[in-house]
Amino acid sequence: MRIGAVVIRIIRQLLRDKRSIALLIFAPLLVITLVWLVLDGDPYEPKIAAENIPAPLEQVLQNELEKDVVQMSESEAKEAFQKEDLDAFITIKNHVPYVLLEGSDPTANSAVMKVIQTAFSSLSDQKNIQPDVEYYYGSDKINLFDQTGSVLIGFFVFFFVFVLGGISFLRERTQGTLEKLLSTPIKRWEIVTGYLLGFGLFTIIQSFVIVTYCVYVLDIWMAGDFWQLLVVTFLLAITALALATLLSAFANNELQIMQFIPIVIIPQAFFSGIFNLETLAEWLQVLSKFMPLTYGADAIQEIMIKGKDLVDLWQDLLILFGFVLLFYVLNIFALKKHRRL
């Protein structure tokens, strides 16, 4: 009887928590659907340019590709690499095929090499010829972790700052600290600014530790400047903190903070650059534009793999700053939910 009473109490408690029931049922379906959408995308079609290659080889390449082989010089190809408009360039140097890969995207690299190997194997006089392969960004020594590690840095910074920031701000409410602050003459924007700056100090320290460990201990490929990577990581951490404090206003306990993870964090992981977005449906590519981690991870990858500077990444940084400003303003309005000044 006593066991039955405990069971009944738990059931009633869960039935009153509609959010937990919804999470229990729909969160796994959401995550599985995202995995299916990402992994069930179309094969990646590389964009290849060529100059002065034999007509039979060009024809075979053309047959292997849905897109036309573009004719351009090597210098033009390098400019296209910088604009992310091209995956590979093929020409003949010293009577040997020469392939220059853009190099930053492992999916594109493997797709290009597959097309090239198939093309050469189909030509009877070219079967035993091995092309010279070079990388415009990165190197053939870059492994899978080097390619995805830059994205994972952004994801883990965003994830842990979101969890710790959300729980910390929630405790400020549940322990009555926020209510006491709201009863004073202090303004809502001052409270939000104070919390973001206070918690932000610790997120900066956390970001510094993660980035330093990944670059200098795990030895992830690093082509850019370390301090510029820190700037992007700090901005991404502040974005996660502002979002966490906003959503914590709608949570009543720490469990409900964790319930936001399948809805807010996990979807961003799939669209942060681990998988090539060009293989996904167009509406999914549009959806990724509304996720802060998309821009943060892209900026981190541009610095670590391509060695770009902050000036080159001004669009990503501006959008991240826009997210911070948006969440900051929404945080001010969210405080009205607790008490009007």
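The values are calculated or read from the model by the stated rules, or taken from the named source; none is laboratory data. All of these numbers come straight from a predicted model, not from anything done at the bench. With ideal geometry, Cβ positions are generated from the backbone for all residues, glycine too; neighbour counts draw on all protein chains shown. These area figures cover heavy atoms from the full protein model, side chains too; ligands, DNA and RNA do not enter into them. Shrake-Rupley method; radii C 1.70, N 1.55, O 1.52, S 1.80 Å.
The table below gives the values:
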item: For the chain, the longest site-free run once chymotrypsin sites (Phe, Trp or Tyr not before Pro) in DSSP loop states with at most 15 other Cβ atoms within 10 Å are removed; result: 1-249
item: Alpha carbon convex hull of the stretch 173-251, projected area averaged over orientations, nm²; result: 6.5 nm²
item: Cα-based Kirkwood hydrodynamic radius, the chain, one decimal, Å; result: 22.9 Å
item: Prolate/oblate/rounded label for the stretch 79-191 (Cα gyration tensor, a/c 1.5); result: prolate
item: Span-rule helices in the chain, defined as complete DSSP H runs reaching 18 Å or more along the axis (Cα) with Kyte mean at least 0.5; result: 2-16, 18-39, 144-174, 188-212, 226-248, 314-334
item: In the stretch 68-124, the GluC sites (Glu not before Pro) that fall in loop regions by DSSP, at most 14 other Cβ within 10 Å; result: GLU84
item: For the stretch 242-341, the Rg and Dmax computed from alpha carbons only, in angstrom; result: 16.0, 50
item: Accessible surface, per residue, of the chain when the full set of protein chains is kept, probe 1.4 Å, Å²; result: 54 Å²
item: Per DSSP, loop trypsin sites (Lys or Arg not before Pro) in the stretch 137-203 with at most 14 further Cβ within 10 Å; result: LYS141, LYS187
item: Amide H within-cut-off set for GLY307, under 5 Å, with H built and near neighbours excluded; result: ALA223, GLY224
item: Largest-first principal axis extents of the Cα set of the stretch 128-277 (Å); result: 79, 30, 23
